[in-house]
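Let me begin by presenting the structure, written as structure tokens, before commenting on it.
The values are calculated or read from the model by the stated rules, or taken from the named source; none is laboratory data. Because the structure is predicted, anything quoted here is derived from the model rather than measured. Ideal geometry is used to build each Cβ from the backbone, glycine not excepted, and the neighbour counts take in all protein chains shown.
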Amino acid sequence: MTMQVCETFLKTLKREEIDATSYRDLEHWRANSEEFIERYSNRCRLHSALGYRTPEEIESSVQTRDVVAWCNHEFFQA
């Protein structure tokens, strides 16, 4: 499951950010990718693996220790 989640994220990053933007250089790519992840993917984009909620929504709805336990159980089990 973990590999699928990572592959899905990378596919989304490529399709929604990298393919849609012309970069001046590697530093420009890094800055844009970082902003995409932090501002859009974590705060706005709904994730099917999170029950169509944002990571920020998940974090604010449960206590930190519950998030860690949930993530370990849901994503990191082989």
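Assorted remarks:
- Residue check for residue 30: among the basic types (Lys, Arg), modelled with pLDDT of 85 or more, surrounded by 14 or more Cβ atoms within 10 Å (Cβ to Cβ) and on the phi < 0 side of the Ramachandran plot: no
- Every pair of residues 6+ apart whose Cβ atoms lie under 9 Å, when the first sits in region 1-28 and is closer than 14 Å to residue 40 by Cα while the second is among the aliphatic types (A, V, I, L, M): 9/37; 13/37; 17/37
- Residue match in region 33-43 (condition: over 25 Å from residue 61 (Cα atoms), out of contact with any strand residue (DSSP E or B) (no Cβ under 8 Å at 6 or more places or on another chain) and surrounded by 11 or more Cβ atoms within 10 Å (Cβ to Cβ)): yes
- Pairs, first under 18 Å from residue 17 (Cβ atoms) in region 38-56, second aliphatic (A, V, I, L, M) and outside any loop (DSSP other than H, G, I, E, B), C-beta under 8 Å, six or more apart: 41/13
- Residues satisfying the stated conditions in region 44-65, i.e. exposed (fewer than 15 other Cβ atoms within 10 Å of the Cβ), at pLDDT 80 or above, farther than 20 Å from residue 7 by Cα and not small (Gly, Ala, Ser): 56, 59
- Within region 1-32, considering residues that are assigned to a helix (DSSP H, G or I) and of a type in the set (Phe, Trp, Tyr), the one nearest to residue 59 (Cα to Cα): 9
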